[in-house]
Amino acid sequence: MELAVTILLFAVGVLFVIKGGDFFVDAASWMAEVSGIPKLIVGATVVSIATTLPEMLVSVMAASQGKVDMAVGNAVGSVTANVGLIMAISLVCMPGIIKRSDYLMKGILMCLAALLIVGCGFFGKVNIAFSVILILVFIVFCVENVGSAKKTMAREGKEEKDPSLKQKKVVITNIIKFVIGTIGIVWGADLLVDNGSELARVFGVSERIIGVTLVAVGTSLPELITTVTAIVKKQSALSVGNILGANIIDMTLIMPLSALVSGKALPLAESAARIDLPVCLLVCLVAVVPTMIKSKFSRWQGALLLLIYAAYLVVTLQCA
């Protein structure tokens, strides 16, 4: 009975994180737009950060409670799940030619961030120096995003502001969404961390295992929903672009913030350094390098990524 309640509360936490994140993104987008910021720049900055808020809060909350393995497992595991599972599904269903310039910088930054995280694994911790470098990569990502949005705006002309954004009903609706979304994410993250730890105890596995599997996949569900929607609408570029941006933020912002909240260098378990971090780098390289060379996403990349992710899960669970 106790196990059933724990699983139920964990599932409720996932639901709250997903729906809370959905409401929060809608409200944050409205707040940015009503202030006069063009939609393209809103999407490049506010929405990119807001969509990773579930992973961020789960990891930061876990770190603040001393559950470091879960904090790291969720941050790194989310990236691996995003690329090895979610992006892989997109590539298998919708391979396609791309414009290299649209993805080059994001691809480079994602692989650089993954390489830096692997470097942290060699030292066994995310220290202040690595945290500063990762945050600098995040700043470069934001600047590149805004720059790309401004170029697009220059090509497409000035964007007309929607007068309906300031209607009383719209204002009230979005304020309510913002409050509910914030509460939902915070409460959901708390439920995920607490009941994820309890599941680890009940099943006799480490918090790292729960972090890189259940919690990571749970907090990555918004990206999965975005990908499925993009596949249905035949908009693969939307799915891939969203995943690349989310991964960069996961690695360059969540890890340093978790270290900051924990009040010291964030220690990395040996199993994370030997398995989780190298696999994270591997899936990033498989997703980015061939694409940048050939200017297209191939179905074989998606199949290989799924194979790597399946093998990773098998090895991870065997080490439980």
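The values are calculated or read from the model by the stated rules, or taken from the named source; none is laboratory data. These numbers come from a predicted model, not from an experiment. Cβ placement follows ideal geometry from the backbone for every residue including glycine, while neighbour counts extend to all protein chains displayed. The area values use the complete protein model at the heavy-atom level, side chains included, leaving out ligands, DNA and RNA. Shrake-Rupley method; radii C 1.70, N 1.55, O 1.52, S 1.80 Å.
Mind listing whichever residues of the stretch 1-56 are of a type in the set (A, V, I, L, M, F, W, C), open to solvent by less than 20 Å² (accessible area, probe 1.4 Å) and modelled with pLDDT under 75?
Within the stretch 1-56, ALA28, ALA32, VAL42, ALA44, ALA50 meet the criteria.
Being surrounded by 13 or more Cβ atoms within 10 Å (Cβ to Cβ), out of contact with any Asp or Glu (no Cβ under 8 Å at 6 or more places or on another chain), more than 29 Å from GLY107 (Cα to Cα) and at pLDDT below 80 is the requirement here; does VAL179 meet it?
Values: surrounded by 13 or more Cβ atoms within 10 Å (Cβ to Cβ): yes; out of contact with any Asp or Glu (no Cβ under 8 Å at 6 or more places or on another chain): yes; more than 29 Å from GLY107 (Cα to Cα): yes; at pLDDT below 80: no.
No; evaluated as a whole, the condition is false for this residue.
Name every residue in the stretch 269-287 that is open to solvent by 10 Å² or more (accessible area, probe 1.4 Å) and either more than 30 Å from PRO95 (Cβ to Cβ) or among the hydrophobic types (A, V, I, L, M, F, W, C) (or both), in order of residue number. Before you say what the answer is, go through the steps one by one.
So the first thing to find is which residues in the stretch 269-287 are open to solvent by 10 Å² or more (accessible area, probe 1.4 Å), and the list is 269-271, 273-275, 278-279, 281-282, 285-286.
Within the stretch 269-287, ALA269, GLU270, SER271, ALA273, ARG274, ILE275, VAL279, LEU281, LEU282, LEU285, VAL286 qualify.
Of everything in the stretch 96-131, what is more than 11 Å from LEU244 (Cα to Cα), at pLDDT below 90 and open to solvent by 70 Å² or more (accessible area, probe 1.4 Å)? Give them in sequence order.
Matches in the stretch 96-131: ILE97, LYS99, ARG100, SER101, ASP102, PHE122, PHE123, LYS125, ILE128.
Can you find a residue that is more than 20 Å from ALA200 (Cα to Cα), at pLDDT below 85 and surrounded by 22 or more Cβ atoms within 10 Å (Cβ to Cβ) anywhere in the stretch 78-94?
Yes, the stretch 78-94 contains at least one residue that is more than 20 Å from ALA200 (Cα to Cα), at pLDDT below 85 and surrounded by 22 or more Cβ atoms within 10 Å (Cβ to Cβ).
Could you give me the residue pairs with C-beta distances under 8 Å whose first residue belongs to the stretch 78-104 and is among the basic types (Lys, Arg), whose second residue is in a helix (DSSP H, G or I) wherever it lies, and which are 6+ apart or on separate chains?
Once the first residue is among the basic types (Lys, Arg) and sits in the stretch 78-104, its partners that are in a helix (DSSP H, G or I) give ARG100/MET292.
Out of the residues in the stretch 258-268 meeting the condition of being crowded, with 19+ Cβ neighbours inside 10 Å and modelled with pLDDT of 80 or more, tell me which one is nearest to the chain's Cα centre (by Cα). Before the answer, list the steps.
Applying the first criterion (crowded, with 19+ Cβ neighbours inside 10 Å) to the stretch 258-268 yields 258-259, 262, 266, 268.
Right, trim to modelled with pLDDT of 80 or more and you get 258-259, 266, 268.
Values: SER258: 15, ALA259: 17, LEU266: 19, LEU268: 19 Å.
Once the filter is applied, the top-ranked residue is SER258.
Where residues in the stretch 207-257 are within 25 Å of THR291 (Cα to Cα), of a type in the set (S, T, N, Q) and open to solvent by less than 10 Å² (accessible area, probe 1.4 Å), which of them is modelled with the highest pLDDT?
If we take residues in the stretch 207-257 being within 25 Å of THR291 (Cα to Cα), of a type in the set (S, T, N, Q) and open to solvent by less than 10 Å² (accessible area, probe 1.4 Å), then THR252 is modelled with the highest pLDDT.
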